[in-house]
Amino acid sequence: MKKLSFLLIASFSFLTIADEGRFGRETNDYQYTSLGFSYISAEDDGIALMASLALPGPLYGVFERRADGVDLDSETYDKVVNSFRVGAHAGIGDILNSISTKGVTFSVENFLDVYAEVGVKSTSLENDINKFSEDDTQANVIAGVRFGDSNAWEGKLFADFSKETEIQQFQCPEGEICTQEISFVLNDETDRKFGAEAVFNISKHTAINFKVISSDVLDSSFELGFRLTF
């Protein structure tokens, strides 16, 4: 009987904490101001640094720096990508409830956030022999949804669209003498990346995350990171 009472009390306490929010936040009170880093596992391992800042209203800004590597034959080239984007987010309920069709209105809870980010990114590739620093800034668009509990586990599903810069063996025209061994090429097709991210909020201001990204042009990548949230 004592064990049963203990289980009932523990279950009630858990439900109460879950309803109120472990950190005193609403379930959908997702944080858009953060500072973090991630370990990248891809063609060559690397690191990523990211900072985001909530702006007035639904807006926020994101800066990201990713550094990993690219292999070409027996050479490895360091690849650095800097990105800056401005985003906007809104609860799904706020979006749907603002729509009415033939006098019919919706009543949907904000169980997830819909977001979109627009900005630019630049890429540089270099190694001990060859160095590239030309300006190849490209447009970058990301759109997705954010769901889950801001006091515990969160999830993200997103799509990332931009052109990718690659390195290729330089084809010297017949009859000419060329000193260049490789070329810096902007892929003609827009790369479509699709990703998923799981975030566990350890405390009110700390979280760990795991991310997986697939790409039409690049190898798939996996990331494990830590972030501070404010």
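Values in this text are rule-based calculations from the coordinates and carry no lab data. All of these numbers come straight from a predicted model, not from anything done at the bench. Cβ placement follows ideal geometry from the backbone for every residue including glycine, while neighbour counts extend to all protein chains displayed.
Remarks
- In this structure, the amide hydrogen of V217, modeled 1.01 Å from its nitrogen in the peptide plane, lies closer than 5 angstrom to those of R192, counting only residues at least 5 positions away or on a different chain.
- Nearest-0.05 FRET efficiency for A143 and E174, computed from C-beta distance (R0 45 Å): 0.45
- Neighbour net charge for A51 - beta-carbon separation under 10 angstrom, K R +1, D E -1: +1
- Computed lengthening from D216 to E109, 0.36 nm per intervening residue step minus Cα-Cα distance: 35.0 nm
- Neighbour-count ranking [beta-carbon atoms within 10 angstrom, fewest first] of T229, T101: T101, T229
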